[in-house]
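The values are calculated or read from the model by the stated rules, or taken from the named source; none is laboratory data. Quick caveat, the model's predicted, so the values are computed rather than measured. Counting neighbours? That spans all protein chains shown, and the Cβs are built from the backbone with ideal geometry, glycine included. Protein only, heavy atoms only, side chains kept; ligands, DNA and RNA dropped before computing areas. Shrake-Rupley method; radii C 1.70, N 1.55, O 1.52, S 1.80 Å.
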Amino acid sequence: MQTRIGILTGGGDCPGLNAVIRAVVKTAAQRSWQTIGILGGFEGLLSPVRTRPLDYHEMDGLLFVGGTILGTSNKGHFAAKTGHGEARRIPEAVLDEACHNFKQLGLRALVVVGGDGSLSIAQQLFEHGMPVVGVPKTIDNDIEATAVTFGFDSAVHCATDALDRLRTTAASHDRVMVLEVMGRYAGWIAVHAGIAGGGDVILIPEIPFRYESICEKIADRERAGKKFTLVVVAEGARPEGGTFSTVGPAETNREARLGGIGSTVAAEIQKRTGKETRVCVLGHLQRGGAPTSFDRFLCTRFGAHAVRLIEEERYGCMAAYRPPEIMPVRISDAIGRLRTVPRDGELVRIGRALGISFGD
Ligand code: F6P
């Protein structure tokens, strides 16, 4: 009987998911294996099971298509996190049902493409007896054990482009422009895009900020004849002693939705400095569209590596980027704690050396 493997995409979407699916299907086809797509994230493993075979020829042109042809979900029976990232155990009955259906499908193994939440579900399924391998995905770039996740480079590219555009309008009007970017608990997008896009102030979750400090930076720039300022704010940034800025009511078994800190920061800057200030929330633009060439390359390597992990029966492992290699690491070594921007690390030191304020 032909070997069949399954693949699903879990959590929030990001550029490059389809590139991973393509790489898995093509690499599997080289071994005459068939790939079955599980639809709608982990939910597709619950009865009635939702799957579809992925045909080799269907992969044509998928490399640069945003989103995921399999669909995905970051809520429902498999929600692995609640509130502000508190871990949640998946109920035994849900794991049982998923493992039962997996066997019924006649799959040799399952490729889980996801972030910290999805990989922790993958680990729980693995501990429950399912042969699972992982691929690390998230624009937030906050997964341990890999130098970078796919989707991050595309998000940084989008945020950098936004800063380039905001710079010209800020300079024309002598304004402060505040750009709110994603990055729930880690400021990687803000720092990378802030440095690449010439931001003057970068506010990240790892470094609580003070409004006095931000306004001092704006005043310094004024004295130096620079009448505009670009401020990059990660959605998870907060003032010293303050809390996360959230939108909408809290939902059971779902992480809080962050957002709104950009508007708060902009209003406070305008109040304190008297300078006209505008805010731009980049939001899901960072998660949509075509992946960059870096991400396409990384996704293709990750996908091919995941199939090799199955061939070698290295279950419970995920593909990790340890430059210059893609290497297997235990999923259990990658989950449970997020990789955040070191407060005194090289990135922050370089930023400070360039005169960038981190608002502290
Ligand atoms: O984890 C990726 C991410 O894009 C975060 O940066 C953001 O806080 C969250 O997902 C948004 O999720 P949703 O699309 O469910 O609002």
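Of note:
So that you can scan it fast, the table gives a plain yes or no per residue for (1) under 17 Å from the mean Cα position of the chain (by Cα); (2) assigned by TED's automatic domain parsing to the domain that holds residue 133; (3) away from the ligand (no atom under 16 Å from the Cβ); (4) open to solvent by 40 Å² or more (accessible area, probe 1.4 Å):
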{"site": "15", "(1), (2), (3), (4)": "yes, yes, no, no"}
{"site": "23", "(1), (2), (3), (4)": "no, yes, yes, no"}
{"site": "42", "(1), (2), (3), (4)": "no, yes, no, no"}
{"site": "47", "(1), (2), (3), (4)": "no, yes, yes, yes"}
{"site": "57", "(1), (2), (3), (4)": "no, yes, yes, yes"}
{"site": "60", "(1), (2), (3), (4)": "no, yes, yes, yes"}
{"site": "71", "(1), (2), (3), (4)": "yes, yes, no, no"}
{"site": "77", "(1), (2), (3), (4)": "no, yes, yes, yes"}
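- Qualifying positions in the range 79-95 - away from the ligand (no atom under 13 Å from the Cβ), free of Cβ contacts under 8 Å to residues at least 60 places away in the same chain and assigned to a loop (DSSP other than H, G, I, E, B): 89, 90, 91
- Some residue of the range 143-154 being more than 12 Å from the ligand (Cβ to nearest atom), part of a helix (DSSP H, G or I) and more than 15 Å from the chain's Cα centre (by Cα): no
- Conditions (1) at pLDDT below 95; (2) more than 21 Å from residue 141 (Cβ to Cβ); number of the one not met by residue 184: (2)
- Hey, residue 35 among the β-branched types (Val, Ile, Thr), within 16 Å of the ligand (Cβ to nearest atom) and touching a strand residue (DSSP E or B) at 6+ places or on another chain (Cβ under 8 Å) or not: no
- Within the range 96-107, the set of residues being surrounded by 17 or more Cβ atoms within 10 Å (Cβ to Cβ) and in a loop (DSSP other than H, G, I, E, B) comprises 107 only.
- Residue 130 being more than 16 Å from the ligand (Cβ to nearest atom), in contact (Cβ under 8 Å) with a residue 24 or more places away in the chain and not charged (D, E, K, R): yes
- Filter pass, residue 117 being in the same structural domain as residue 296 (by TED's automatic domain parsing), open to solvent by 10 Å² or more (accessible area, probe 1.4 Å), at pLDDT below 95 and under 22 Å from the mean Cα position of the chain (by Cα): no
- Residue ID - farthest from residue 302 (Cα to Cα), chosen from residues in the range 108-141 that are part of a helix (DSSP H, G or I) and hydroxyl-bearing (Ser, Thr, Tyr): 120
- Within the range 25-40, being in contact (Cβ under 8 Å) with a residue 12 or more places away in the chain and open to solvent by 10 Å² or more (accessible area, probe 1.4 Å) holds for 26, 27, 29, 31, 32, 33, 34, 39, 40.
Quick grid of which residues meet (1) touching a helix residue (DSSP H, G or I) at 6+ places or on another chain (Cβ under 9 Å); (2) open to solvent by less than 10 Å² (accessible area, probe 1.4 Å):
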site: 274; (1), (2): no, no
site: 283; (1), (2): no, no
site: 287; (1), (2): yes, no
site: 291; (1), (2): yes, yes
site: 325; (1), (2): no, no
